[in-house]
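The values are calculated or read from the model by the stated rules, or taken from the named source; none is laboratory data. Please read these numbers as outputs of a predicted model, since none were measured by experiment. All Cβ positions, even for glycine, are placed from backbone atoms using ideal geometry, and neighbour counts span all protein chains on display. What goes into the accessible areas is simple: the full protein's heavy atoms, side chains included, and nothing from ligands, DNA or RNA. Shrake-Rupley method; radii C 1.70, N 1.55, O 1.52, S 1.80 Å.
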Amino acid sequence: MQCYCIQKYHEQEIAMAICYECERAICQRCLIEDQHKDHKKQLMNDFYTLCDQFVSHQSEEMALKRQQLENLKKDVIKIIEQTINKSQDIQFINNLPQNQSDYRRKIQLIKKVDNSVNQYTDKYYVLLSDINARIKQFNDEYWEVNQIEEIEQSIDNFAQLDKYQAPIQIKDQVSVFTYHNDTYYVITDKTLQVFNQNMILQYEKQYNQKIYRILVQEQWIILHQFNKLLIENKQETFEIDLQNQDLLKIRSLENKQIGLCFMNSVAWVIKLEQLDNINILNEKEQFILSDICLCDNQIYISCINQPTISIWREGDLLKTDEIKIDEHVSCMTIPQNKKLIIIGCRGFQIWNRIEKQLLKSVRLSDFVFDIQADIQKIVAMSQKISIYDIKGNELYKGEDYAYEMKFVNKQILYTTQGILKKL
């Protein structure tokens, strides 16, 4: 089960944690923003575990209360039976003259029986009311834990685009997309649409579940559905079980590989030509992985909640080194020349990858959630798209709120409010 963030412009982000101060689920973007910095938070998996324990405890408590209720019902019936058995005594006393001393015994006996019945009846209804209230509270809390809201935005009026932007005409609302070899791969809920560079539809394919992410590498199409990956080529389709782990990011790696970052401190490296062999990297507990890169047989892994980039050797998956950052890392990229590593945080930092030396830091008002680069330009996506030269000087700042971005062959594509655009 995957829950989604309800923060504006984050509606398609998978929730990663619960913020107890704000009393809501938060996503990767929310987690690293200052407004949640000092708040008490808990990873979603741990929260689900606590909820399951709560449900189990409440179920046991309800069973106990129901048993107590049955016992009280039996007691009430017993009192009523005793009352009926004493009715002969009461009838006899009623026939006595009122001036005799047995009259007091009659009154006391009647009151005693009535009080006993009323006492047990009151207990019965108080307990029943308490049980009903607890069941309602239990159902409400359990529903809140398990709710998944699909938020669809209808766009009635679209603001006029500035001269740098052009919409790509797709009839349905775009959820995710990618671009590879002059081909657009567009996901609209459960449908994959493939267009050529002139935006002429080549083919489309329907799936039985919603698609959350898409990646294309050479002849392989990788699709992320709930709790599984579909890896397709022209001949066949392979399915990989994600083992109930919350997938945060998929990256294309060197040597026909893909990298997967999970919320529970685990990363997978999958060779597309050997799908039965998955290399698993385990970081320290409570590390929330944000990105993965592969360069010169070294795997780089960043964390949202730790100011560190760890470096692993590709062959034997041994952790060999790390880069200490003064901020938590939300994303990273390594340009084609392999000399730099560019790190997204509140803004971004340009590092010499070989010497692990900071070259420049660019501070922004928002966190950068995706960053991509070639040998000339850096494209950063925070709430909006910004373009910089490779030295960190700003060239362009967009106006649209962007959800997803791709920078391929000097072409910048992004989605805003379900519309695919290019710069």
**Item:** Given (1) farther than 22 Å from Ser290 by Cα; (2) at pLDDT 90 or above; (3) hydrophobic (A, V, I, L, M, F, W, C), number of the condition Leu275 does not satisfy
**Value:** (2)
**Prompt:** Counting only residues that are under 20 Å from the mean Cα position of the chain (by Cα) and surrounded by 14 or more Cβ atoms within 10 Å (Cβ to Cβ), which one in segment 47-68 is nearest to Phe287 (Cα to Cα)?
**Reply:** Phe47
**Checklist (1) under 30 Å from Asp321 (Cβ atoms); (2) part of a strand (DSSP E or B); (3) within 20 Å of the chain's Cα centre (by Cα) applied to Ile214, failing item** = (1)
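Any chance you could count how many residues in segment 372-408 are without any contact (Cβ under 8 Å) to a residue 60 or more places away in the chain and either open to solvent by 40 Å² or more (accessible area, probe 1.4 Å) or in a strand (DSSP E or B) (or both)?
Of the residues in segment 372-408, 23 are without any contact (Cβ under 8 Å) to a residue 60 or more places away in the chain and either open to solvent by 40 Å² or more (accessible area, probe 1.4 Å) or in a strand (DSSP E or B) (or both).
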**Message:** Please verify whether Glu232 is among the acidic types (Asp, Glu) and modelled with pLDDT of 90 or more, treating the condition exactly as stated.
**Reply:** yes
**Item:** Boolean, Ile412 is more than 24 Å from Ala267 (Cα to Cα) and either in contact with a helix residue (DSSP H, G or I) (Cβ under 9 Å, 6 or more places away or on another chain) or in contact (Cβ under 8 Å) with a residue 24 or more places away in the chain (or both)
**Value:** yes
**Complete:** Residues of segment 289-326 being within 23 Å of the chain's Cα centre (by Cα) and acidic (Asp, Glu), in sequence order, are Asp291
**Complete:** Residue pairs qualifying under the 6 Å Cβ cut-off, at least six apart or on distinct chains, with the first in segment 198-210 being of a type in the set (D, E, K, R) and the second being modelled with pLDDT under 85, are Lys210/Asp189
**Asked** Checking Leu272 against (1) open to solvent by 10 Å² or more (accessible area, probe 1.4 Å); (2) more than 23 Å from the chain's Cα centre (by Cα), which single condition isn't satisfied?
**Response** (1)
